Structures are given as structure tokens and as C-alpha cells.
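Student: So that we are looking at the same thing, I have put the structure below in C-alpha cells.
Every number in this text was worked out from the coordinates using simple rules, so none of it is lab data. No experiment lies behind these values; they were computed from the predicted model shown. FYI the Cβ positions are ideal-geometry reconstructions off the backbone, even for glycines, and counts take in every protein chain you see.
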Amino acid sequence: MSDNERTTSPDTRGTGDELHQGVSGGNAMTTSQGIPVTDDQNQLRAGDRGPSLLQDAAFRDKIMHFDHERIPERVVHARGYGAHGVFESYDDHSGLTAAYLFGKKGRQTETFVRFSTVAGNMGSADLARDVRGFATKFYTEEGNWDLVGNNIPVFFIQDAIKFPDLVHSVKEEQDRGWPQAASAHDTFWDFISLMPESTHMALWAMSDRAIPRSFRFMEGFGIHTFRFVTADGKSSFVKFHWKPVQGMQSVVWNEAVKINGADADFHRRDLWNAIQSGDFPEYELGVQVFDDAFADSFDFDVLDSTKIIPEEIVPIRPLGKMTLNRVVDNVFSETEQVAFMTQNVVPGIDFTNDPLLQGRNFSYLDTQLSRLGSTNHTQLPVNAPKCPVAHFQRDGHMQFAHQRGRANYEPNGFSGDDRGPRALTTFQPDTYPTKVEGEARRLRAESFADHYSQANQFWKSQTEVEQKHIVDAFAFELGKCEIPEIRTRMLGNLRNVDESLAQRVADELAMELPEASPAKVAPRHDLPVSDALSIVKNGPDSFAGRKIGVVVSDGTDADLLAAVRSAAEAEGTVVEIVAKAVGGVTLSNGEKLAADHAIAGAPSVLFDAVALLPSADGAAALGKVAEARDFVTDAVAHNKFLALGPDASGLIEAAGVASKKDDGFVDVSDAAGAKGFVETCRALRFWKRELSA
Ligand code: HDE
């Protein structure tokens, strides 16, 4: 049969039942109007080789829909990945807030989370150096609460009016269209160097926080000070914190760059794999609670989003835990169409006068209209509250609701179904009655003026290796700036943070240190170290949820491999097999083993630790493969732990690292050795290697 011939004829069509199952039912294909499609391969044409006919409604239906598939991507946080979950309250927290979701021990609330990078376009790579969004929608019984946070607890600017400038500066430069998903360029550092208030966040962004190993291993923060209000009207200030139960972990920069090439979807794949395998990520939600007296006595303004309140001063009170337990059915319908809005707070949660938060409360509602095209985006399944919704908002594009009854206004004199809803005037708590007074002026409060002291505190609180990474990151990013004055200005700002930091960055750039930039308030360097600010000081005590890449060859000792697998399994660690070719190998006992990856497609950057278990012949053969040598040298360069089987020496010699063996190389020849290796890996990385290099 030629392409031009019909592939179906009336007598081969399905039964009437089959056809009438429609798009949501069986397999019978229809147009978007539900009309059976009889041929999805060929247009309707006049004659065998003639023109296409306008009357082909099935073709037009299909192509027209395709032409309109794209919607504008988010202006920031365009690249994101979502998952469903459930939040469970640890206790009855009604002494703190009237919010229903916190009102009873064990109370469960469905959630949807979207993690994201900020600067990159939708198709950019996951391991950009960037802030990560951590936005959560709680579908509570009293409406949707959106906690739209980041994985860094401070922000670049103090007032929302500067947000467009900040974002323009970090995105691709408008006259050339690059760089993509990178802050390492002139316009970003030009802006930052002229905005001293950004310095604190710049330190965080240059730290390993900005290159997390996984969405599962990062913290989240609501950033702003919010209010909790109880049913009897008592209010306290709160800052929201998410702590990953899996512990925190980041990658190193050289690794991040290579992950982007090896697997640009590294973070989304990681989340998807974990959920699909039943290893559900968990995050504890807690709050720092404080009152007006504390706010007045604190060294910094609690309404200033460029500042933290150290956990050592106000500890975090745990409220409950969220478990992510379901991937989306459809990325567009859910992850793309989800509309987070900071102004979505439920009774018992309220705003403060933080000028960044106040600005966001306008922006998020506004942006959904241009992204989703209709005020009725609240009716999309991922956005619709799971509690009853009743109001007199009517019509608009894509109105799905059948709003019944006669009255579409109130007050009205109707009754029953014709009457419609009424406001719950006695419902408590309503907006917290804060007293507001003052002259309308455009100003920045004096209490917002100290831009460097907490940056110094952050720097001081890092371990030696984390400080080194910050220095390297500044040198890398500023090194990408072509305009020397920008680098100089930034070095001047860094002098206000810490002399040694500034000097080390200047040394790496081979530049002279300029004068310190003028500071409105003299920077303080006496704030105490806060251990909570370091990732390394807060590592997990298990290697669960991490991944070991095991290199095998023909003749790999089957018992040793089994020992590594069972030690990993006992820890909750994933093992993936890497061989020269994906077809696999024949083990010492004659068993055939398929590989998860060919070594050329799975560099060691995709794993948290590696085990080299080739046979002696296999090690020699792998030693001749460039990617196998890179696998080893990268694992060493990225401070990973390496398990060495008894016959691995040929491979590490070929990779040129045999003479660099340190305590991060663990000889493994039996079950006890395998167990010991996995336990060693709980430290995540062998940082000493980098410091002694
Ligand atoms: Fe956002 N931000 N933002 N932001 N933001 C958006 O809303 C905005 C800020 C954050 O996964 C946009 O739906 C302004 C701080 C996340 O869908 C937009 C200001 C924090 C997400 C917007 C800020 C965030 C967004 C773009 C300055 C951490 C992704 C698309 C005051 C607390 C949510 C959209 C998702 C997204 C505006 C600053 C977090 C344009 C004006 C501070 C996690 O409305």
C-alpha cells in the first residue's frame, strides 16, 4: 500500500462503543471535538499527488492546537520541576496560629511543590550557579496557602521596586543574548557592585548553596518576616524554614559544570527517580517565632529581607513534615500551570510591612495573567482550592464553573440557591489590625542601612573548604567580567566584608586591592559565628538517598560486588553499574550483568561516591579508555570517596592518581570492607584532599 492510500476503510473501523468512549476513555482517536479520526498519517488531498483540501477539519484541528502549545515562560524561575506531597502537622499549634493546617496533631494537607532555578530559561541546565526556588502550595480546608520561598534565606534587594533591575542584570545581556543561566557576566556584577545591600546574598550565591546536589538535599526559606495570628487575635512574628530530612549536600563547581554537560536534567531526574522508587523526600517545616520586643532589640530590622535571624538566637520550632510522594502526570498541566502567589495566605497567617513582600504580593497575581492568559487560572486543577469556593466573580476567558442561581451580586434579596454566598463577617482571625501612620515618602529606613555585617558573619561561619569555594566562585565570576572597573568595585565591597576574603579574591584575579567602598554604616565584624549557616557543619549522618557508581568489567569478583550492593542497600544508598559498554559484563562466577551505563555516558560527576571493582584485565583495558581515566581523576578532583577492589590498581595507575592515594581511597575486598566504605561515605566528601592540594 502506498502512503497515499487510505489505511482504514469503513468496514475496519471500531465498534460504535469504541468510538463513543471519547478522548478520556478507550483508545479510539478523535479530534478535539470528539469526532473519530480515521487516518492520522495522511492529509485529505485532491488526487494521489494533488493539493491538500481546506475541508480537512481533523488536520486543521490538530495543527491549530499545536501552533498554540507554547505559553510565555516565567520571567524568573522559568526552569522548574514539581511534585505532589502531603504535609502533616506534628502537633496542635493553635497557641501560635489559627491556621487550620496546624490545628491538630497528625492533620494532613495536600501540597504541590515546584523547585526551580531563577535566571535560566526553561531549557537551561539544572546545575547553574543560582538560587533555587522552593515554592509550596498547601491546599488547606480554608483555601490555598502559598509559601513561595528560596533555598537561600536572604535576598539581593530590600525593596521590590528594584526587582526588574536585578533580574534584567542577571538574565542574558540584551544586546547579545548571552550568557544563559549564568551570573558570571558584566551586567550582573555591575549591578551588584553598585548595590551594597546585595553583598550578603552575593556571599550566599557564591557559596555551595547555589550548586545543590539535589532538590532533596537543600533547605528552604520563606525569607520575609510573616505574622502568625491566633483565633483570639494574638500575633507573633515568624520566619519559615524548611529542613531536608535527607540532610544538606552540594556539589563542587568543577563538578557542576560537568554535570550540566553529562545530564542537564540532573536535578529533575534525581527527584523523579527518588519518588518513583519510593524513597520519598521529606522536609521539616519550622518557624522562628519572636515578638515586638525581640524585633525592637535585634541588631537588624526584621523587615529587611537582606538579613537573617541566626538560629542560635531564635531557634526553629518544628511544626510538621512534608513528604513528596507523587510525580506529576503531566509537566505542562501541573508544573508549568501552577500559579504560586505570595498573597495567598490563609486565616492565621498574615503579612508584615517588609517592602519586598508587599511588592511581591502584587507581582505574583499580575504575572499569572500574562502567563496563563485568564483570571480563571484559579480553576485549573493544580491551582483550584480543594475546599469549597463561592463568590460573585463571573465570566472571563475559559470560565469552567457553572455558576448557578439568579443573583450574581450582593446584597440581594433572593433566597435559597438563587441567593449566592455571603461574607463570613464573624470569622476570626481577619487581617491583623496593625497600626499604620506616617508621611507618604519614598525612603529607605535607616534601620536597613547596614549591608556588610551579616555578610561577615556568613563568611566567618563557613568551614575552611567552604570559604575556599566562596573565594574561587568570586574569582571565577568576576574573572568573566570584561570591564575591569566592575571587578575593582566588587573587591572594594568585599573589603567591607572581610579583608582576607577580598585579598584572596584579588590574588586569584591577580589584581591589586582597591580602597574599601564607602559604607553607610561601619561594618561590624563582631557578630558571633552561626554554625547553622554552614552546609558542611550540618551534613547528614547517613549516606541514604545517595548514589555509588560501581565500575565493573569481565571477571569482576561477583561476591565482592554483591557485598558492595548489600552494604549500600542496608544504608539506603543506590548502586548503579558502570561498564565499558551498556550491554554489560560477565562476572567471575559466569553470571551476565547488564550495566546501567556505558562509562562514556556516565562520568563520575553523576555519583556521590565510586567503587572501582574491575578484574586485573578489566582494569588494564579500562585504563586505555579516556572516559574511564576521567571517571577516576574527576572522582579524585571532586573529593569523592573511592572504593578500590583488589585489582583496581591498573586503572588508578593509568589515571595517574595512584600516587595520590589518601584516606579517601578505601581498599575493599570483602563484606566488612564494603560496609566500612559505605560508612566512610557518610561524610559525603573527603574535603581534606582539596585543602592539602
Ligand atoms: Fe519571585 N517571582 N519575586 N521571589 N519567585 C516569581 O512569579 C518577584 C522573590 C520566587 O515555581 C514570578 O509565577 C518580585 C523572593 C519563586 O512558580 C514573579 C520579587 C523570593 C518563584 C516574581 C521577587 C522569590 C518566583 C515569576 C521582588 C524568595 C517561582 C513567575 C520583591 C522568597 C514560583 C511567577 C514557581 C516567581 C516576582 C523576589 C521566590 C514575576 C517582584 C524574595 C520560588 O511574579
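Student: Would you be so kind as to identify which of A658, A579, N383 lies farthest towards the positive end of the dipole of the chain, taking Lys and Arg as +1 and Asp and Glu as -1 on Cβ and the Cα centre as origin?
Tutor: Going by the Cα projections, it comes out as N383.
Student: What would the Debye equation give as log₁₀ I(q)/I(0) for the chain at q = 0.07, 0.08, 0.09 Å⁻¹, counting only Cα atoms as equal point scatterers?
Tutor: Log-scaled intensity ratios, in q order: -0.59, -0.75, -0.92.
Student: Right, something else. For segment 352-461, count all C-alpha to C-alpha pairs, find those more than 25 Å apart, and express that count as a whole percent of the total.
Tutor: Values: 3271 of 5995 pairs.
Here the tail beyond 25 Å accounts for 55 percent of pairs.
Student: So which trypsin sites (Lys or Arg not before Pro) in segment 151-184 pass both tests, a DSSP loop state and at most 14 other Cβ atoms within 10 Å of the Cβ?
Tutor: Here the trypsin sites (Lys or Arg not before Pro) that fit, given the DSSP loop and packing criteria, are R176.
Student: While we're looking at this one, here's another question. Restricting to Cα pairs below 8 Å that are 6+ residues apart, what does the relative contact order work out to for the chain? Please round to a whole percent.
Tutor: Details: 1360 pairs, mean separation 80.4, N = 693.
Averaging sequence separation for qualifying contacts and normalising by length gives 12 percent for the chain.
Student: Do me a favour and compute the ellipsoid semi-axes for segment 122-230 from its Cα gyration tensor, root of five times each eigenvalue, largest one first, whole Å.
Tutor: Numbers: eigenvalues 146, 60, 40 Å².
Equivalent ellipsoid semi-axes, largest first: 27, 17, 14 Å.
Student: Moving on. Give the value in nm², to one decimal: projected area of the alpha carbon convex hull of segment 161-294, averaged over all directions.
Tutor: For segment 161-294, averaging the hull's shadow over all directions gives 12.2 nm².
Student: Within 10 Å, Cβ to Cβ, of V118, how many net charges do the neighbouring residues add up to if Lys/Arg are +1 and Asp/Glu are -1?
Tutor: In short, +3.
Student: Net charge around G645, counting only other residues with Cβ within less than 9 Å of its Cβ (Lys, Arg = +1; Asp, Glu = -1)?
Tutor: With Lys, Arg at +1 and Asp, Glu at -1, the neighbours total -3.
Student: Here is a follow-up. Within a 10 angstrom radius of the beta carbon, how do F115, F294, F414 rank from fewest other beta carbons to most? Intermediate results must be reported in sequence, preceding the final value.
Tutor: Details: F115 28, F294 16, F414 13.
Exposure proxy ranking, most exposed first: F414, F294, F115.
Student: So which GluC sites (Glu not before Pro) in segment 496-579 pass both tests, a DSSP loop state and at most 13 other Cβ atoms within 10 Å of the Cβ? Please report the intermediate quantities before stating the final value.
Tutor: On the way: sites: E499, E508, E512, E515, E569, E571, E576; in loops: E512, E515.
Hits after loop and neighbour filter: E512, E515.
Student: Here's another thing I want to ask about it. In segment 307-382, which GluC sites (Glu not before Pro) are in a loop and have at most 13 other Cβ atoms within 10 Å, using DSSP for the loop call?
Tutor: Details: sites: E311, E312, E334, E336; in loops: E311, E312.
Within segment 307-382, the qualifying GluC sites (Glu not before Pro) (loop, at most 13 other Cβ atoms within 10 Å) are E312.
Student: Over 21 Å between Cα atoms: which of K468/K547; K137/K537; K162/K520; K547/K660; K104/K435 fall into that group? Write down the numbers at each step before the final one.
Tutor: Values: K468/K547 26 Å; K137/K537 30 Å; K162/K520 19 Å; K547/K660 24 Å; K104/K435 31 Å.
In this structure, K468/K547; K137/K537; K547/K660; K104/K435 lie more than 21 Å apart at Cα.
Student: In Å and whole numbers, how far do the C-alpha atoms of segment 542-692 stretch along each principal axis, longest first?
Tutor: For segment 542-692, the Cα extents along the three principal axes come out at 40, 33, 25 Å.
Student: Still on this structure: Tell me the relative contact order for segment 542-692 as a rounded percent, counting alpha carbon contacts under 8 Å between residues six or more apart.
Tutor: Taking the mean separation of contacting Cα pairs over the length of segment 542-692, I get 26 percent.
Student: Follow-up. Rg and Dmax of segment 267-353, using alpha carbons, in Å: what are they?
Tutor: Using the Cα atoms of segment 267-353, the pair Rg, Dmax is 17.9, 49 Å.
Student: Rg and Dmax in Å for segment 626-692, alpha carbons only: what are they?
Tutor: Here Rg and the maximum Cα pair distance are 11.6, 32 Å.
Student: By count of other Cβ within 10 Å, fewest leading, how are H200, H185 ordered?
Tutor: H185, H200
Student: When a/c reaches 1.5 or more, the comparison of a/b and b/c decides; with that in mind, is segment 182-228 rounded, prolate or oblate per its Cα gyration tensor?
Tutor: Cα axes put segment 182-228 in the oblate bin.
Student: Hey, what did segment 336-472 get for relative contact order, percent, Cα under 8 Å, at least 6 apart?
Tutor: Over segment 336-472, the number comes to 19 percent.
Student: What net charge do the residues around W189 carry, taking every other residue with its C-beta under 11 Å from that of W189, with Lys and Arg at +1 and Asp and Glu at -1? Before the final figure, lay out the partial values.
Tutor: Values: positive: K480, R487, R489; negative: D186, D190, E477, E482, E485.
Net charge in that neighbourhood comes out at -2.
Student: Further question on the same structure: Please report L194, L356 as a ranked list, fewest other C-beta atoms within 10 angstrom at the top and most at the bottom.
Tutor: Least crowded to most crowded, the residues run L194, L356.
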